[in-house]
Amino acid sequence: MEIELYQRVLAANDIVADENREILNRRRLLTVNIIGSPGAGKTSLICQTLAGLRVPCAVIEGDIASDFDARKIAALGVPVIQINTGGSCHLNAVSVAAALDKLALEDGILLVENVGNLICPASFDLGEDFKVVVASVAEGGDKPYKYPAVFQQAKAVVINKIDLLAQVDFDRDFFQAGVRALNPQAVIFPLSCKTGVGIGGWSTWLQEQWQTKFRKLFS
Ligand SMILES: Nc1nc2c(ncn2[C@@H]2O[C@H](COP(=O)(O)OP(=O)(O)O)[C@@H](O)[C@H]2O)c(=O)[nH]1
Ligand SMILES: [Mg+2]
């Protein structure tokens, strides 16, 4: 019975996610669903990305409570909508639809920071073009093995906080082998939001995804 109810919730979510995708395509936006554990560096990555991109951007911030992250984005002069889920451990398509009504952005990139969690956000399509997982070396190298669904679906995997490699036992080969086994196509970006190392490669890749989508939309 519970499983049946959960499947109905997911099916209802998928219908709204498809509507979101249509709206986002009409507005010529590339939308990225950014998923990671609490503290992995999702907000830091968004801030670094916004600083380097030469494309109009907006951000949707998902949190259970507080607007700390949204205020960091607003301080950069970028349009941001905060969604407080009030306890739910993931964003859903309905909450993103409501946020889209309040965002005026067209022709650009929409970055969505999901609630800090590697499990539930994997099941809820928001209407995004693709998911990106942000992991950090401080979390350990076993995360792809323990939370496979989200790594399986990601178009890119960021390994953040590489400035801490000397301080933590992070086996990068083990981590990457775990990602590769689940998802051979995923692009992996080791970087540091603190030092900026690797941010350029990630930002260039993201901008290329936007350009590719636009070429596809207009051809
Ligand atoms: N050393 C180091 N700390 C980082 C890095 N990226 C983020 N942090 C810190 O990690 C903490 C959590 O970052 P935040 O971006 O808020 O993570 P989020 O919860 O995933 O959004 C903050 O104290 C950041 O300053 C990094 O590359 N290196
Ligand atoms: Mg955050």
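If you sort D63, D173 by accessible surface, 1.4 Å probe, largest first, the order is D173, D63. Just to confirm a number: summing +1 for Lys and Arg and -1 for Asp and Glu over residues other than D125 whose beta-carbon lies under 10 angstrom from that of D125, what do you get? Net local charge, D125 excluded: -1. Accessible area of S44 (1.4 Å probe, protein heavy atoms only, ligands and nucleic acids ignored): about 60 Å².
Taking trypsin sites (Lys or Arg not before Pro) across the range 38-74, the ones in a DSSP loop with at most 15 further Cβ atoms lying within 10 angstrom of their Cβ are R54. Pairs over the 29 Å Cα-Cα cut-off, from the set K102/K131; K102/K161; K72/K102; K146/K213; K42/K102; K131/K161: K102/K161; K146/K213. The Kirkwood radius of the range 91-212, taken over pairs of alpha-carbon atoms, gives through the Stokes-Einstein law at 4 °C and 1.567 mPa s a diffusion coefficient of 83 µm² s⁻¹.
Computed on the chain, with alpha-carbon pairs under 8 angstrom and 6+ residues apart, the relative contact order is 25 percent. Taking Cβ atoms as reference points and 15 Å as the exclusive limit, the residues near A51 contribute a net charge of +3, counting Lys and Arg as +1 and Asp and Glu as -1. A 1.4 Å probe, protein heavy atoms only, puts the accessible area of I23 near 50 Å².
The share of Cα pairs per 10 Å bin across the chain, counted from zero up to the longest distance, runs 8, 35, 38, 17, 2 percent. Taking all protein chains together and a 1.4 Å probe, the residues R21, R27, R8 rank R8, R21, R27 from largest to smallest accessible area. Secondary-structure-derived ellipticity at 222 nm for the chain, considering helices only, amounts to -13000 deg cm²/dmol, per-run term -39500 (n - 2.57) for DSSP H runs with n ≥ 4.
Going by accessible surface with a 1.4 Å probe and the largest first, Y147, Y6 read Y6, Y147.
Using a probe of 1.4 Å, the accessible surface attributed to K146 totals some 120 Å² when neighbouring protein chains are kept in position.
The values are calculated or read from the model by the stated rules, or taken from the named source; none is laboratory data. Because the structure is predicted, anything quoted here is derived from the model rather than measured. Note that each Cβ is placed from the backbone with ideal geometry, even for glycine, and that neighbours are counted across all protein chains shown. We work out accessible area using only protein heavy atoms, side chains counted, and drop any ligands, DNA or RNA first. Shrake-Rupley method; radii C 1.70, N 1.55, O 1.52, S 1.80 Å.
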